[in-house]
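Below: the structure, in structure tokens.
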Amino acid sequence: MMTPEQQLEYLTDGVDTVLPEGELLEKLRLDRPLRVKLGVDPTAPDVTLGWAVVFRQLRKFQECGHTAVLIIGDFTAQVGDPSGVSATRRRLDFDEVGQNVSGVLDTIKGLLLPERLELRPNSEWLGAMDMHDVLDLTSKFTVSRIMDREDFSRRWAAHEPISMIEFMYPLLQAKDSVAVAADVEIGGTDQLFNLLVGRDLQERSGQRPQVVLTVPLLVGTDGHQKMSQSIGNYISVRDEPAEMFGKTMSIPDEAMEQWFLLGAGNSESEVAATMAGLADGSLHPGETKRRLAREIVAIYWGEEAAVGAETSFDRLFKQHDAPEDTPTHALPADDDIWIPALLNDAGLVASNSEGRRMVNQGAVKVDGVKIEADTMARSGLVDAVLQVGKRRFVRLTD
């Protein structure tokens with residue numbers, strides 16, 4: 001069994017923030033398993049590689065003998081987390097949330113260890129609150145404290161509307177921490193304010209405040225924005241091995257460092273060694289990206305499937321299984337390429353509007369992988385085969 005100091009090193013590798021400094025080690029030295037909370041709002045029907053980062057972090061605590069307390073936000077999902085948004089989110093109804101829970105719960109459980117796992121829907125306590133309870137909760141916080149939140153203050157300064165229900169969200173998430181007596185709470189970097197509010201409410205409720213631990217947000221396949229189902233720049237943990245491999249091969253080279261750390265779960269020292277090899281030329285970017293793709297596929301499908309996915313990729317692209325007479329087309333110099341215009345310029349469609357329609361219909365592939373966003377990084381398109389339907393191909397050149 002690892003010592004508290006060894007656990008600390010393992011649990012904080014690749015982490016962005018741990019607050020308060022030094023308190024996690026104190027908790028690890030307690031003679032009992034810690035209750036480690038992670039709250040998830042089922043606002044979408046799939047689990048992405050980006051979302052899987054926090055589940056991997058929670059699993060690391062399980063591996064160290066601690067209890068994972070997974071909060072299923074079936075109540076808070078109906079409120080809507082305002083973190084990182086510039087406008088009030090559309091509220092989900094009970095049925096929508098229920099469908100999303102059904103779609104993701106088994107997948108999430110598969111990412112964690114079955115032992116030392118506690119599942120708690122927050123409707124269990126939030127749904128039972130009456131107006132007296134709500135007033136008691138709101139009395140514990142001031143408007144100025146809530147306005148400390150950066151996205152609230154930014155929207156306020158821009159005279160953009162903020163609904164009262166959005167002010168409530170951090171308080172409701174904090175109530176979750178009190179309800180399960182969390183020792184530690186995990187979240188993405190965009191959740192830092194909410195997690196700290198949980199500490200405040202625990203202290204005012206007579207509990208020892210939780211330690212806050214945040215992990216970075218994984219950038220999507222476009223290499224710019226965070227991975228998001230609504231944007232379409234994501235890989236699902238349920239994608240077939242060949243599709244997962246191909247999508248990973250499409251990411252920009254500059255995203256590899258973060259993907260090795262967060263997507264593949266490499267340690268900080270392993271990532272540093274990889275980046276040093278790329279910098280001094282001892283590692284080839286293309287072969288390194290292949291290793292990244294193999295590692296990611298292996299996490300979710302196993303080593304044999306990863307090898308098979310690479311073989312399929314090579315058979316289709318490296319071995320030129322696209323038609324031998326595939327024409328070439330030079331890419332424009334822009335860093336970001338608008339795919340509908342590229343399809344039009346390459347003669348694969350008759351107009352930009354048809355190109356956009358083909359993308360929306362899922363008829364456009366890059367190196368055999370269906371694309372879901374109409375903009376891609378140029379670096380992910382160089383030497384790739386662009387395909388529309390079953391018979392229209394071009395090979396893209398620099």
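Annotation: peptides 122-132, 209-219, ranked by per-residue average of other Cβ atoms within 10 Å with the highest first, follow the order 209-219, 122-132.
Since only 249, 348, 44 are under comparison, the one whose Cα sits farthest along the positive direction of the charge dipole of the chain, derived from C-beta charges on Lys, Arg, Asp and Glu, is 44. Peptides 365-373, 157-165 ranked from most to least packed give 365-373, 157-165, packing being the mean of other C-beta atoms within 10 angstrom over each peptide's residues.
Computed in the context of the full set of protein chains, the accessible area of the chain at 1.4 Å probe radius has 51% of its extent on carbon or sulfur.
Please get the size of the charge dipole for the chain, origin at its Cα centre, with Cβ charges of +1 on Lys and Arg and -1 on Asp and Glu, quoted in debye to the nearest 20. Could the numbers behind the result be given before it?
Working: 41 positive and 63 negative charges, 122 e Å.
Dipole size: approximately 580 debye.
Quick one: accessible area per residue over the chain, 1.4 Å probe, rounded to a whole number of Å²? Mind showing how you got there, number by number?
Working: 18550 Å² over 398 residues.
Solvent-accessible surface per residue comes out at 47 Å².
For the chain, take the longest principal axis of its alpha carbons; what is the angle in degrees between that and the long axis of helix 164-180, to the nearest 10 within 0 to 90? In the chain, helix 164-180 runs at an angle near 70 degrees to the longest axis. Reducing segment 366-397 and segment 95-115 to their Cα centroids gives an inter-centroid distance of 33 Å.
The angle between the Cα long axis of helix 268-280 and the main principal axis of the chain comes to about 30°, on a 0 to 90 degree scale. Projected over every direction and averaged, the convex hull enclosing the alpha-carbon atoms of segment 109-261 yields 12.0 nm². Rg over Rh for segment 244-302 works out to 0.94, using Cα positions for both radii and the Kirkwood form for Rh.
Counting only alpha carbon atoms, the long axis of helix 94-111 and the longest principal axis of the chain meet at about 80°.
Any chance you could run the full-extension gain for residue 56 through residue 119? It's 0.36 nm times the residue separation minus the Cα-Cα distance, nm to one decimal.
Numbers: separation 63, 0.36 × 63 = 22.68 nm, distance 1.62 nm.
Extending this stretch completely gives an extra 21.1 nm.
Pull out the extension gain between residue 17 and residue 287, defined as 0.36 nm times the separation in residues minus the alpha carbon to alpha carbon distance; nm, one decimal.
Residue separation times 0.36 nm, minus the Cα-Cα distance, leaves 94.0 nm.
Length, then width, then depth: along the principal axes, the Cα atoms of segment 340-381 run 24, 19, 15 Å. Taking GluC sites (Glu not before Pro) across segment 1-52, the ones in a DSSP loop with at most 13 further Cβ atoms lying within 10 angstrom of their Cβ are 21.
Size descriptors for segment 270-398, from the alpha-carbon set: Rg then Dmax equal 16.2, 48 Å.
Return the percentage of antiparallel bridges among DSSP beta bridges fully within the chain, rounded to the nearest 5 %. Mind showing how you got there, number by number?
Values: 17 of 39 bridges.
Within the chain, antiparallel bridges account for around 45 percent of the total.
Here the sum of -39500 (n - 2.57) over DSSP H runs of 4 or more residues, divided by the residues of the chain, equals -12500 deg cm²/dmol at 222 nm, to the nearest 500.
Rg/Rh for the chain (Cα atoms only, Rh after Kirkwood) is 1.01.
Candidates 368, 389, 379 compared by Cα position along the dipole of segment 357-398: farthest toward the positive end lies 389, with charges placed on Cβ. Between 213, 263, 276, the Cα set farthest toward the positive side of the dipole of segment 209-348 (charges on each charged residue's Cβ, about the Cα centre) is that of 213. In this Cβ point-charge picture (+1 for Lys and Arg, -1 for Asp and Glu), segment 1-70 has a dipole of about 300 debye about its Cα centre.
Two decimals is fine: what's Rg over Rh for segment 232-340, C-alpha atoms, Kirkwood radius as Rh?
On the way: Rg = 15.1 Å, Rh = 15.3 Å.
On the Cα set of segment 232-340, Rg over Rh gives 0.99.
About its Cα centre, the dipole of segment 202-301 is roughly 360 debye, where the only charges are +1 on Lys and Arg Cβ and -1 on Asp and Glu Cβ.
The values are calculated or read from the model by the stated rules, or taken from the named source; none is laboratory data. Every value quoted in this text rests on a predicted model; they were computed, and no experiment measured them. All Cβ positions, even for glycine, are placed from backbone atoms using ideal geometry, and neighbour counts span all protein chains on display. All accessible areas refer to the heavy atoms of the entire protein, side chains included, with ligands and DNA or RNA removed. Shrake-Rupley method; radii C 1.70, N 1.55, O 1.52, S 1.80 Å.
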